[in-house]
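Enquirer: Let me give you the structure first, and then I'll get to my questions.
The values are calculated or read from the model by the stated rules, or taken from the named source; none is laboratory data. The model shown is predicted, which means the values in this text are computed figures rather than measured ones. Cβ: placed from backbone, ideal geometry, glycine included. Neighbour counts: every protein chain shown. Remember, those area values only see protein heavy atoms, side chains included, never the ligands or the DNA or RNA. Shrake-Rupley method; radii C 1.70, N 1.55, O 1.52, S 1.80 Å.
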Amino acid sequence: MTTCSLTFPRQIQLAKLPTPVQPLRRLSERYGVELYVKRDDLSGIALSGNKIRKLEFVLADALGQKADTVITCGGAQSNHCRATAIAAAILGLNCRLLLRTPDPSNPPPLDGNILLDRIVGAEIAWISPDEYKQRDELMAREATSLQESGRKAYAIPEGASNALGALGYIRAMEELVNDIVNTLGGGNQPCTIINAAGSGGTSAGLILGAKIFDVNARIAGINVRKDRGYFVQAIGTICEQAIADYHLVLDFDRQRDVRIIDGYVGLGYALSQSEELELICEVARTEGIFLDPVYTGKAFFGMIQELKRDPRCFGEKIIFLHTGGIFGLFPKAEQIWPLL
Ligand SMILES: Cc1ncc(COP(=O)(O)O)c(C=O)c1O
């Protein structure tokens, strides 16, 4: 039953959908729950993960505005920037990336996502963490200067996490309705959907999508940076913007509806503890799935710690949303090899 209707704006097709849902039989037995993985890491265009669903809407808007260049930003190994760079190549657009690094005069080596960014032709500007705080202004300035040289640039916010990008995960929730019926055992089964929260757009889409498509699911984000307060604010703002922009008639309360499980940032954003990397190896060896060290590895680690504390804390059925990021493993090779 649909409780609220949404007319989606124009979307381009980039992702290979629907992505599969895979039961994790051995890990389910080990941790005493029914555990499934929604394989959005297999969403297509070079394993682009969650970003591609958002970019289907955001890049449709860029093309609608006749842009010839897209500008976006992120950390040095940003999956979002890499996905944008590849999608731009598919669409024949130029791509300029503002990538954050501690010392822009000494940028990181050509590895992981950075290597893919460069191979696919993206232009990279290295910026410091302090400059990154002004990222939206910097992108606007770049867009203006490109405009002055006769180009038309379109700026995409960090993680494509705005109301438009969140539509990608509202749509994904429509897909999950079928997954829940077909894979979890029929009907509108109660379940918990767990995802890594990095900039908040994925969580925002899932929360709104669950309401729009009346899914009997609790959405729980595990933050891989910042803290709960930051994400209640960030995700709440994206949800409220989407409700306003798309005239959604639904009951949303950020304090009630944004569920964040805090406490698993560990050593910090993109920094890995051995326990997290060991779990990545355990999941790969037990189920043949590669989690990434920055997002899904930390979120999966958090989920398992919560299950060890209370095996029923998420109910009986859990869908872990695998949002991609495999290329982040390669720059961690030195830290991983002693664990092998
Ligand atoms: C692999 C991966 N998973 C999860 C996320 C988090 O998604 P969001 O930024 O929408 O919170 C990101 C990006 O930030 C990502 O690259």
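Enquirer: Give the residues of segment 24-44 that are out of contact with any helix residue (DSSP H, G or I) (no Cβ under 7 Å at 6 or more places or on another chain), at pLDDT 95 or above, open to solvent by 20 Å² or more (accessible area, probe 1.4 Å) and outside any helix (DSSP H, G or I), sorted by residue number.
Expert: R39
Enquirer: Would you mention how many residues in segment 135-194 are of a type in the set (S, T, N, Q) and not in a loop (DSSP other than H, G, I, E, B)? Give the derivation first.
Expert: From segment 135-194, those of a type in the set (S, T, N, Q) are 144-145, 147, 149, 161-162, 178, 182-183, 188-189, 192; that's our starting set.
With not in a loop (DSSP other than H, G, I, E, B) added as a condition, the list becomes 144-145, 147, 178, 182-183, 192.
Matching residues across segment 135-194 total 7.
Enquirer: Is there a residue being part of a helix (DSSP H, G or I) and under 29 Å from G185 (Cβ atoms) anywhere in segment 289-296?
Expert: Let us first name the residues in segment 289-296 that are part of a helix (DSSP H, G or I), namely 296.
Among the residues that remain, those that are also under 29 Å from G185 (Cβ atoms) are: 296.
For segment 289-296, residues part of a helix (DSSP H, G or I) and under 29 Å from G185 (Cβ atoms): present.
Enquirer: Identify all residues within segment 45-61 that are more than 10 Å from the ligand (Cβ to nearest atom) and open to solvent by less than 20 Å² (accessible area, probe 1.4 Å); write none if there are none.
Expert: I52, L55, E56, F57, V58, L59, A60, listed by residue number.
Enquirer: So if I check each of Y264, Y269, which one is surrounded by fewer than 18 Cβ atoms within 10 Å (Cβ to Cβ), in a loop (DSSP other than H, G, I, E, B) and touching a Gly at 6+ places or on another chain (Cβ under 8 Å)? Spell out how you get there, then give the answer.
Expert: Details: Y264 fails: surrounded by fewer than 18 Cβ atoms within 10 Å (Cβ to Cβ).
Result: Y269 is the single residue among Y264, Y269 that is surrounded by fewer than 18 Cβ atoms within 10 Å (Cβ to Cβ), in a loop (DSSP other than H, G, I, E, B) and touching a Gly at 6+ places or on another chain (Cβ under 8 Å).
Enquirer: Next question. Kindly indicate whether any position in segment 173-187 is within 16 Å of the ligand (Cβ to nearest atom), out of contact with any strand residue (DSSP E or B) (no Cβ under 9 Å at 6 or more places or on another chain) and either open to solvent by 40 Å² or more (accessible area, probe 1.4 Å) or among the β-branched types (V, I, T) (or both).
Expert: No, every residue in segment 173-187 fails to be within 16 Å of the ligand (Cβ to nearest atom), out of contact with any strand residue (DSSP E or B) (no Cβ under 9 Å at 6 or more places or on another chain) and either open to solvent by 40 Å² or more (accessible area, probe 1.4 Å) or among the β-branched types (V, I, T) (or both).
Enquirer: If the Cβ limit is 7 Å and pairs must be 6+ apart or interchain, which residue in segment 275-286 that is among the charged types (D, E, K, R) pairs with which residue that is assigned to a helix (DSSP H, G or I)?
Expert: Short answer, once both residue conditions are applied: E275/F301; E276/G297; E276/K298; E276/F301; E278/L339.
To keep it simple, each residue is scored yes or no on (1) within 13 Å of the ligand (Cβ to nearest atom); (2) under 27 Å from F57 (Cβ atoms); (3) of a type in the set (A, V, I, L, M).
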site: G221; (1), (2), (3): yes, yes, no
site: G229; (1), (2), (3): no, no, no
site: D253; (1), (2), (3): no, yes, no
site: A270; (1), (2), (3): yes, yes, yes
site: E275; (1), (2), (3): no, no, no
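Enquirer: Could you list, in sequence order, the residues of segment 1-30 that are of a type in the set (K, R) and either in contact (Cβ under 8 Å) with a residue 40 or more places away in the chain or farther than 25 Å from D61 by Cβ (or both)? Can you show your working first?
Expert: Within segment 1-30, the first condition is being of a type in the set (K, R), and the residues that meet it are 10, 16, 25-26, 30.
Passing the criteria: R10, R25, R26, R30.
Enquirer: Still on this structure, I have one more. If I ask for residues that are among the small types (G, A, S), more than 16 Å from the ligand (Cβ to nearest atom) and either in contact (Cβ under 8 Å) with a residue 40 or more places away in the chain or open to solvent by less than 40 Å² (accessible area, probe 1.4 Å) (or both), which ones from segment 309-337 would you list?
Expert: Narrowing segment 309-337 to residues among the small types (G, A, S): 315, 324-325, 328, 333.
Right, trim to more than 16 Å from the ligand (Cβ to nearest atom) and you get 315, 333.
Within segment 309-337, G315 is the sole residue that qualifies.
Enquirer: When the residues of segment 62-79 are narrowed to those that are in a loop (DSSP other than H, G, I, E, B) and more than 16 Å from the ligand (Cβ to nearest atom), which ends up farthest from Q11 (Cα to Cα)?
Expert: Within segment 62-79, the subset in a loop (DSSP other than H, G, I, E, B) is 65-68, 76-78.
Among the residues that remain, those that are also more than 16 Å from the ligand (Cβ to nearest atom) are: 65-68.
Numbers: Q65: 13, K66: 15, A67: 15, D68: 18 Å.
Result: D68.
Enquirer: Here's something else I'd like to know. Return the pairs, sorted by first residue and then second, in which the second residue is open to solvent by less than 10 Å² (accessible area, probe 1.4 Å) and of a type in the set (D, E), the first residue lies in segment 149-172 and is within 21 Å of Q13 (Cβ to Cβ), the beta carbons are less than 9 Å apart, and the residues are 6+ apart or on different chains.
Expert: From segment 149-172, the pairs are L167/E56; G168/E56; R171/E56; A172/D40.
Here's the yes/no breakdown for (1) closer than 19 Å to L14 by Cα; (2) in contact (Cβ under 8 Å) with a residue 24 or more places away in the chain:
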residue	(1), (2)
A60	yes, yes
C81	yes, yes
I90	yes, yes
P104	no, yes
L110	no, no
R118	no, no
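Enquirer: What are the residues in segment 203-216 that are open to solvent by 10 Å² or more (accessible area, probe 1.4 Å) and either within 23 Å of A270 (Cβ to Cβ) or touching a residue at least 60 places away in the same chain (Cβ under 8 Å) (or both), if any?
Expert: Correct list: K211, F213, D214.
Enquirer: Something else about it: Given the criteria open to solvent by 20 Å² or more (accessible area, probe 1.4 Å), more than 14 Å from the ligand (Cβ to nearest atom) and within 21 Å of the chain's Cα centre (by Cα), does A284 qualify? Full working, then the answer.
Expert: Values: open to solvent by 20 Å² or more (accessible area, probe 1.4 Å): yes; more than 14 Å from the ligand (Cβ to nearest atom): yes; within 21 Å of the chain's Cα centre (by Cα): yes.
The answer is yes for A284.
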